[in-house]
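Chemist: Sharing a structure with you now.
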Amino acid sequence: MPKLRFSGFAEKWNKKRLDSFLERVSNPVDVIKEQEYTQIGIRSHGKGIFHKEPINGLGLGNKRVFWVEPNAFVVNIVFAWERAIAVTTEAEKGMIASHRFPMYLPKNNLSNVHFLRYLFVTDKGQSYLELASPGGAGRNKTLGQSNFAELKIDLPSLEEQTKIASFLSAVDEKISQFTQKHELLSQYKQGMVQKLFSQQIRFKADDGSEFGEWDQSELKEVAQINPKVKKLPENFIYIDLESVEKGLLLLEKNITLSEAPSRAQRLLSKGDVLFQMVRPYQQNNYYFNLDGQYVASTGYAQIRTELNSKFIYYALHEKSFLDEVMNRCTGTSYPAINSSDLSTIEIGIPCLEEQTKIANFLSAIDQKIEVVAQQIEQAKQWKKGLLQQMFV
């Protein structure tokens, strides 16, 4: 019995062979060479369906393809063990799927495909998929469709399946709403960065007067780049290029000086800005404002300024600055800029009061973005707990 059940349901979950409640549907496509087709793909970890770029029949060659059946349970037999499962929708009607993506519809009114989608992303569900995917080492495990059909799955009544699926769908919808809000706030922030640093939008002084003209200065004229360090501490938290994503410190590594990599050279002080020098277009830069001993990798340029350091941090994300960075980069797969070239890029510098107003305004947006990011993470963790408790 699951640990968490809706009231009104007390019946035992019964083991049923999968082919007793799901039946395979197969509608082959008679491919026409001149016609365009859109194929579906299935992401691992239950992350759903995506649509590939259209391709004509000639491009499909001799590939066996099938019309997508809407509202069907579908599995990628190559990555089933990695939870590459989904449910098709009306949006996929008229699209095609490879023979590697068998589709199934409910049989004998015993199953709800959305319930099964949630079931197969649980740890128990993954164990079922692994059981039906014998053979090869590593990632080379193909789902045996006869093995899949013979799986014995614990199922509640159709009514309880539907109740569980509807509830979890509502949780997913909430996560989707939070995610959309996060995206909109991020887009708004990026738009405001462009407008503020291009001076399309200007703040006024507290007394209502206009601020003066901005100066143009090379970065090295308003900041120290990679300030010298006499000695590193014996113990510190190391920040490497994998530690930061979109301004957030995601990973802290406590290490000793003796085990530290040679790139651990940037001893940080509050207000320092870290600029990602490898693949800078990712904009995984970081504003440091933490207590304790932190050392960053030489993969970052360390920027220290007497100006408003948060203003400098945001200035490094403005499009014209990033364009100048990319123009100075070398390498193709991993474009990188060196500190010397970075230091010669010009940025606009207003008076300190206007710097502060810009920094405070953008920081307030960042705080809102962070709150929504936390809501997304909390909702995902809640859903994870539900999945563990609502299934046998």
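The values are calculated or read from the model by the stated rules, or taken from the named source; none is laboratory data. The structure presented is a predicted model; accordingly, all values stated were derived computationally and were not measured. Ideal geometry is used to build each Cβ from the backbone, glycine not excepted, and the neighbour counts take in all protein chains shown.
Chemist: Could you list, in sequence order, all residues of the stretch 141-152 that are out of contact with any Leu (no Cβ under 6 Å at 6 or more places or on another chain) and either in a helix (DSSP H, G or I) or basic (K, R) (or both)?
Modeler: K141, Q145, S146, N147, F148, K152
Chemist: Next question, about the same structure. For the stretch 59-68, give me each residue that is of a type in the set (G, A, S) and in a loop (DSSP other than H, G, I, E, B).
Modeler: As a first pass, look at the stretch 59-68 and keep what is of a type in the set (G, A, S): 59, 61.
If the condition is that a residue be of a type in the set (G, A, S) and in a loop (DSSP other than H, G, I, E, B), then G61 is the only one that fits.
Chemist: If you don't mind, another one. Going through the stretch 205-246 one residue at a time, which ones are closer than 19 Å to I337 by Cα, in contact (Cβ under 8 Å) with a residue 12 or more places away in the chain and in a loop (DSSP other than H, G, I, E, B)?
Modeler: Answer for the stretch 205-246, where residues must be closer than 19 Å to I337 by Cα, in contact (Cβ under 8 Å) with a residue 12 or more places away in the chain and in a loop (DSSP other than H, G, I, E, B): A223, N226, P227, D240, L241, K246.
Chemist: Tell me, which strands (runs of 3 or more DSSP E) wholly within the stretch 69-140 include 1 or more residues that are of a type in the set (S, T, N, Q) and under 27 Å from the mean Cα position of the chain (by Cα)?
Modeler: Per the criteria, 96-98.
Chemist: Would you mind telling me which numbered condition in (1) hydroxyl-bearing (S, T, Y); (2) in contact (Cβ under 8 Å) with a residue 60 or more places away in the chain; (3) in contact with a helix residue (DSSP H, G or I) (Cβ under 9 Å, 6 or more places away or on another chain) Y300 fails?
Modeler: (3)
Chemist: Look at K189 and say whether it is under 20 Å from L274 (Cβ atoms) and assigned to a helix (DSSP H, G or I).
Modeler: Yes: the conditions hold for K189.
Chemist: Among the residues of the stretch 66-110, which ones are among the small types (G, A, S) and over 23 Å from S169 (Cα atoms)? Break it down stepwise before answering.
Modeler: Within the stretch 66-110, the subset among the small types (G, A, S) is 72, 80, 84, 86, 91, 94, 97-98.
Within the stretch 66-110, G94, A97, S98 qualify.
Chemist: Based on what the data block shows, is K174 under 22 Å from Q388 (Cβ atoms) and either modelled with pLDDT under 95 or surrounded by 14 or more Cβ atoms within 10 Å (Cβ to Cβ) (or both)?
Modeler: Yes.
Chemist: Being of a type in the set (G, A, S) and more than 18 Å from Q355 (Cα to Cα) is the filter here; which residues of the stretch 273-319 pass it?
Modeler: G292, A296, S297, G299, A301
Chemist: Go over the candidates E210, E150 one by one and state the one that is touching a Lys or Arg at 6+ places or on another chain (Cβ under 7 Å), over 22 Å from K319 (Cα atoms) and exposed (fewer than 13 other Cβ atoms within 10 Å of the Cβ).
Modeler: Unique residue meeting the criteria: E210.
Chemist: Could you tell me whether any residue of the stretch 110-121 is hydroxyl-bearing (S, T, Y), at pLDDT 95 or above and either in contact with a helix residue (DSSP H, G or I) (Cβ under 6 Å, 6 or more places away or on another chain) or at positive phi (or both)? Break it down into steps so the answer makes sense when it comes.
Modeler: Going residue by residue through the stretch 110-121, those that are hydroxyl-bearing (S, T, Y) are 111, 118.
Among the residues that remain, those that are also at pLDDT 95 or above are: 111, 118.
Narrowing further to those that are either in contact with a helix residue (DSSP H, G or I) (Cβ under 6 Å, 6 or more places away or on another chain) or at positive phi (or both): 111, 118.
Yes, some residue in the stretch 110-121 is hydroxyl-bearing (S, T, Y), at pLDDT 95 or above and either in contact with a helix residue (DSSP H, G or I) (Cβ under 6 Å, 6 or more places away or on another chain) or at positive phi (or both).
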